[in-house]
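The values are calculated or read from the model by the stated rules, or taken from the named source; none is laboratory data. Here the structure is a predicted model, which is why all the values come from computation and not from measurement. Neighbour counts run over all protein chains shown; Cβ positions are idealised from the backbone, glycine included. For the accessible areas, the whole protein counts, side chains as well, though only heavy atoms, and no ligand, DNA or RNA atoms are used. Shrake-Rupley method; radii C 1.70, N 1.55, O 1.52, S 1.80 Å.
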Amino acid sequence: MVESLKELNEICQKPRYKEAGNWMVRNILREAALPLTWLLLHTSVTANQVTLISLILGVLGGVLFGLDGRVAFLGGSLLLELWYYLDHVDGQIARYRKTASLTGRFFDFVTHHVIHGVTLFALGWHVFAVTGAPFFVLWGFAASFAITVFNVAQDAKCKAFYERLAA
């Protein structure tokens with residue numbers, strides 16, 4: 001049987017979770033993710049499956065940014081918010097079930113990199129579609145490439161590998 005949301009909060013959250021991360025994560029998302037975590041803990045869904053679903057939704061959200069129209073842009077925004085929400089659910093499931101692993105963390109980090117890159121490229125494509133200026137496709141590609149290189153260099157080094165060595 002899965003515990004109450006209050007008990008689940010104590011089990012599933014990272015240590016000092018109210019101190020790390022941006023304001024939205026510290027004050028809203030981590031606790032807002034608990035009800036879905038609670039529901040999914042009553043199923044056989046794994047943390048990595050949630051990460052995969054979040055990857056698909058995040059990439060689809062980024063792609064929608066590249067399309068013309070307000071509805072597509074709004075849909076992309078909503079899907080990216082859903083990705084960010086699920087990004088907290090997967091970790092809570094892994095911590096609860098004690099299935100956290102280096103592979104799962106790596107998959108989670110790679111998901112971030114892919115979504116950031118797709119989103120920035122799609123934004124450049126969107127501005128190109130609206131303005132007709134091909135410079136923005138180049139800008140989107142350069143921004144996508146730069147954020148991917150920066151994120152991979154920092155996250156892979158600092159989080160996935162050094163975190164494991166420190167443990």
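The table for this structure:
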{"read-out": "Checklist (1) open to solvent by 30 Å² or more (accessible area, probe 1.4 Å); (2) in a helix (DSSP H, G or I); (3) in contact with a helix residue (DSSP H, G or I) (Cβ under 9 Å, 6 or more places away or on another chain) applied to Val149, failing item", "value": "(3)"}
{"read-out": "Selected residue [of a type in the set (Val, Ile, Thr) and either over 18 Å from the mean Cα position of the chain (by Cα) or farther than 20 Å from Leu60 by Cβ (or both)] from Thr148, Thr111, Thr131, Thr119", "value": "Thr131"}
{"read-out": "Count of residues meeting criterion [under 12 Å from the mean Cα position of the chain (by Cα) and surrounded by fewer than 19 Cβ atoms within 10 Å (Cβ to Cβ)] in segment 85-104", "value": "1"}
{"read-out": "Filter pass, Gly69 being over 11 Å from the mean Cα position of the chain (by Cα) and open to solvent by less than 20 Å² (accessible area, probe 1.4 Å)", "value": "no"}
{"read-out": "Members of segment 105-116 found to be open to solvent by 60 Å² or more (accessible area, probe 1.4 Å) and either farther than 28 Å from His126 by Cα or in contact with a Phe, Trp or Tyr (Cβ under 8 Å, 6 or more places away or on another chain) (or both), listed by number", "value": "Arg105, Phe106"}
{"read-out": "Verdict on Phe121 being among the aromatic types (Phe, Trp, Tyr) and farther than 20 Å from Leu78 by Cβ", "value": "no"}
{"read-out": "Criterion (open to solvent by less than 40 Å² (accessible area, probe 1.4 Å) and touching a residue at least 24 places away in the same chain (Cβ under 8 Å)) met by exactly one of Leu82, Leu55, Leu36", "value": "Leu55"}
{"read-out": "Matching residues in segment 126-146 - criterion: being touching a Gly at 6+ places or on another chain (Cβ under 7 Å) and either surrounded by fewer than 20 Cβ atoms within 10 Å (Cβ to Cβ) or not in a helix (DSSP H, G or I) (or both)", "value": "Phe136, Val137, Trp139, Phe141, Ala143"}
{"read-out": "Unmet requirement for Ala122, which otherwise passes all of (1) more than 26 Å from Ile11 (Cβ to Cβ); (2) surrounded by fewer than 18 Cβ atoms within 10 Å (Cβ to Cβ)", "value": "(2)"}
